[in-house]
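The values are calculated or read from the model by the stated rules, or taken from the named source; none is laboratory data. Everything numeric in this text was worked out from a predicted model, so none of it was measured. Here the Cβ positions follow ideal geometry from the backbone for every residue, glycine too, while neighbour counts run over all protein chains shown.
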Amino acid sequence: MSSQPERQTIRKCHLNFILDSPVPSSQPQPRSQPNSDIPSASTPHVVQYEYIGRQISNGRNVLQRVEMLTADIRVSSFDTHLIVCAGCNKQMSTRGHTSLYYDNCDNWNFHQRTCGKLQDWYNPSSPYRLTPEMAAKFERSRMESRERALAYLVLQDKIKRV
Ligand SMILES: [Zn+2]
């Protein structure tokens, strides 16, 4: 006779257990806070340089020449009076010019037009075409030349960090 109310109690307890189980959406959401005081992590710190040497009336200053050499995909590396061809690895002296990092010289201009390896880069039927891997390797090498050049020019008071 007493079994009926006992079973109801058990059923009720079981129901309470289900209702008390945590519901994820019942958590109160924190109100959005202004986060202007949190520095943005997406802005990389880029070191910039400014030319502070003698004023150039025409042409490029030495910082601009370094950046042009750095951007030239036909150059594998460079130095104050040296340019190395990325096609054939030939080293060309630019010592005939007093300007440092001078890339508009006759031997380099001539070589760019006549280097067979550089021509092969853009020949569709050539097995020596320029690959993205090659281009990336040369770019890394030029960036190392650029770092050396900028450090040297800072010491020479030609440029400064800004
Ligand atoms: Zn070459």
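Couple of notes before you dig in:
- Taken over the range 140-151, the criterion of being surrounded by fewer than 16 Cβ atoms within 10 Å (Cβ to Cβ) and under 13 Å from the mean Cα position of the chain (by Cα) is satisfied by 140, 143, 144.
- Total residues in the range 66-84 satisfying the condition of being away from the ligand (no atom under 15 Å from the Cβ) and of a type in the set (Gly, Ala, Ser): the figure is 1.
- Checking residue 57 against (1) within 16 Å of the ligand (Cβ to nearest atom); (2) assigned to a loop (DSSP other than H, G, I, E, B); (3) of a type in the set (Ser, Thr, Tyr), the condition it does not meet: (1)
- Boolean, residue 158 is in contact with a strand residue (DSSP E or B) (Cβ under 8 Å, 6 or more places away or on another chain), more than 26 Å from residue 59 (Cα to Cα) and among the charged types (D, E, K, R): no
- One residue stands out among those in the range 90-119 that are touching a residue at least 24 places away in the same chain (Cβ under 8 Å) and more than 10 Å from the ligand (Cβ to nearest atom): the one that is surrounded by the most Cβ atoms within 10 Å (Cβ to Cβ), which is 101.
- Residue in the range 67-77 that is of a type outside the set (Ser, Thr, Tyr), in contact with a Gly (Cβ under 9 Å, 6 or more places away or on another chain) and modelled with pLDDT of 95 or more present: yes
- The residues in the range 90-133 that are in a loop (DSSP other than H, G, I, E, B) and not β-branched (Val, Ile, Thr) can be counted, and the count is 21.
- Failed criterion for residue 87 (all others in (1) within 14 Å of the ligand (Cβ to nearest atom); (2) assigned to a loop (DSSP other than H, G, I, E, B); (3) surrounded by fewer than 18 Cβ atoms within 10 Å (Cβ to Cβ) hold): (3)
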